[in-house]
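Chemist: First the structure, then my questions, so here it is.
What follows is calculated from the coordinates using simple rules that are stated; it is not laboratory data. If you're wondering where the values come from, they're calculated on a predicted model, not measured in any experiment. Quick reminder, even Gly has a Cβ in these numbers, built from the backbone with ideal geometry, and neighbours come from all protein chains shown.
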Amino acid sequence: MEDKNTKNADAFSQDFQSQGGFEKTDNAIDPASLVFHYKRENRISKAPTLVKSSYDGTLKKPPKGFFRALVHTKSSRIMLIVMIVVLGFTVASILSGPKKHRANIDGIAFSLSAFSFEDTIYVSLQMQEDANRAKKSIETKPEETVVQADFSFIDADGNALVQQSFEKTFLNKELFLRTTLSDYDIL
């Protein structure tokens, strides 16, 4: 097999030379006269001090461990403190802020929740007895309250798509009103 490859290489070189090959010029450098000298010290002599100290082994190594890395420098400590303060304000505002999905009307606590699954929106209105109303109903006869709930589904422009009304009797226990709507705007 080597003989075949050698013959192919020889045939190629003969064809290449017969077609003119590379032209020799007066400026051509003889490859035998080229010499390359390599010295490691000369290679990094013009490098920045950071590179030199890295090769010398005198470069400071970063601290090991997650917390030590967070408090290693003054700027990283300040950044950690700022992140903790912002996180604290965010959690405090979430916990103490107004909750639009909850309301208390006439001693009944209302809680509205909704979620979307595939192309349907599921809405649930939960009603529970408030603590003050519970004390009052123990002392006296429990009150029956008729609750009327109107669900209005609006689009992005504020137009009402569907309106549904429910009327149930609340007997000082937990009560749920549930409904669904097909959502055609979800892509």
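Chemist: Given that compact globular proteins tend to follow 2.2 N^0.38 Å, what is the ratio of the alpha-carbon Rg of region 102-182 to that value? Intermediate results must be reported in sequence, preceding the final value.
Modeler: Details: Rg = 15.1 Å, N = 81, 2.2 N^0.38 = 11.7 Å.
Cα-based Rg divided by the globular estimate yields 1.29.
Chemist: So what is log10(I(q)/I(0)) for region 49-95 at q = 0.18, 0.20, 0.25 1/Å, when the Debye sum runs over its Cα atoms only?
Modeler: These q points yield log10 I(q)/I(0) values of -0.69, -0.76, -0.88.
Chemist: Using unit Cβ charges (K, R positive; D, E negative) and no other charged atoms, how large, in debye to the nearest 20, is the dipole of region 102-182 about its Cα centre? Display every interim value, and only then the final one.
Modeler: Working: 8 positive and 13 negative charges, 87 e Å.
Charge dipole of region 102-182: 420 debye, to the nearest 20.
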